[in-house]
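The next block holds one structure in the form of structure tokens; read it before the comments.
The values are calculated or read from the model by the stated rules, or taken from the named source; none is laboratory data. Note that this is a predicted model, so its numbers are computed, not measured. Cβ coordinates were reconstructed from backbone atoms using ideal geometry, including for glycine residues, and neighbour counts include every protein chain displayed. Heads up: the accessible areas ignore ligands, DNA and RNA and are worked out on the full protein's heavy atoms, side chains in. Shrake-Rupley method; radii C 1.70, N 1.55, O 1.52, S 1.80 Å.
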Amino acid sequence: MKKFRRLFIPSSANNYRAKLLHLPSLAIVVFLFLLVQSGLSLLSLNQPAVLGYSSQITPEKIIELTNQERTGLGLEKLRTNSLLNEAAQRKAADMFTFDYWSHNSPTGKDPWSFFKEVGYNYYYAGENLARDFASAEGVVAAWMASPTHKDNLINSRYQEIGVAVVEGQLGGLQTTLVVQLFGTSAKTLAQKPAEEITSSNINEEAISETEAVFLSSSPESRLAGEFSKKPISPLTITKIAGVFVLGLLIGVLVVDRFVAAKKKAARLAGDNLAHISFLAVIILIIILSQSGTLLESVTSSL
């Protein structure tokens, strides 16, 4: 008990400086935090379905959430098209086969090649890509938060949608790709009056990409057990660990400052108030940090 008190509370036994604030103790805390992070990385490689690297992202959920966003704005729901689903599957497979994170394949294929491969003759077409997300909600929310991605998702000229969610290794890391394709077939528009269809209408809508820091994949591993039903995001674990460690240090600094002032202990040490403020800012940054980051969008037209 005495050792525990010396670790957190200043006294004559520790020169009125909590042991946890001594350099060797701080070094141990940092080491343990890095050890936890290394453990998460190893676990993600060996059991990707245990952490949030595996998720319940499904094509059906992506389409459901997309249509929720559209109907909320008074737009018509997109119809699921089997050809677009197949085109999305082929695009994801191509990305894993040739190991790239881009709209255009190293083989020279552009996004529209996959539409044509499956026999989908589009009049309007668009593509959204996402990777490394832990939930379908996170994917759609990220797209909606970006003006260019949102323009694709709520474009009133689209009538059909196809989605593929495929996991594999990209750049040496286990991940899940979400490919979302939009389209309006030329057959559908063939029934419109000729004056409504002009060459200026024929274009391939803004293509959008989304990328996140942490990985996700489909919950297929038996070893995942119940974890696959409620995947734990590694970002959440990192946030909790970081906030706990920094919160603990802030608590010790507050007690240290109070006890030292009460005992009027003279010592050579930095200003605890400045340290507390600094750590509080870091905690705020950790709490507000997001799991995803967006890439620049590109556009193309015929």
Revision key, fill the gap. Highest mean packing first, using Cβ neighbours within 10 angstrom, the peptides 71-79, 169-177 sort as 169-177, 71-79
Exercise for review: Only Lys, Arg, Asp and Glu count, each charged at its Cβ (+1, +1, -1, -1), so figure out the dipole size of segment 94-139 about its Cα centre, rounded to 20 debye.
Suggested key: 140 debye
Exercise for review: Given a cut-off of 22 Å, name the pairs among LYS116/LYS187; LYS19/LYS262; LYS61/LYS150; LYS109/LYS187; LYS91/LYS116 whose C-alpha atoms lie farther apart than that in the structure shown.
Suggested key: LYS109/LYS187
Exercise for review: Determine the sum of side-chain charges near ASN81: Lys and Arg each +1, Asp and Glu each -1, restricted to other residues whose C-beta is under 12 angstrom from that of ASN81.
Suggested key: 0
**Study point:** Accessible area per residue in Å² at 1.4 Å probe, computed on segment 100-147
**Key:** 34 Å²
Review point. What figure in square angstrom, to the nearest 10, would you give for the accessible area of GLU167 with a 1.4 Å probe?
Key: 60 Å²
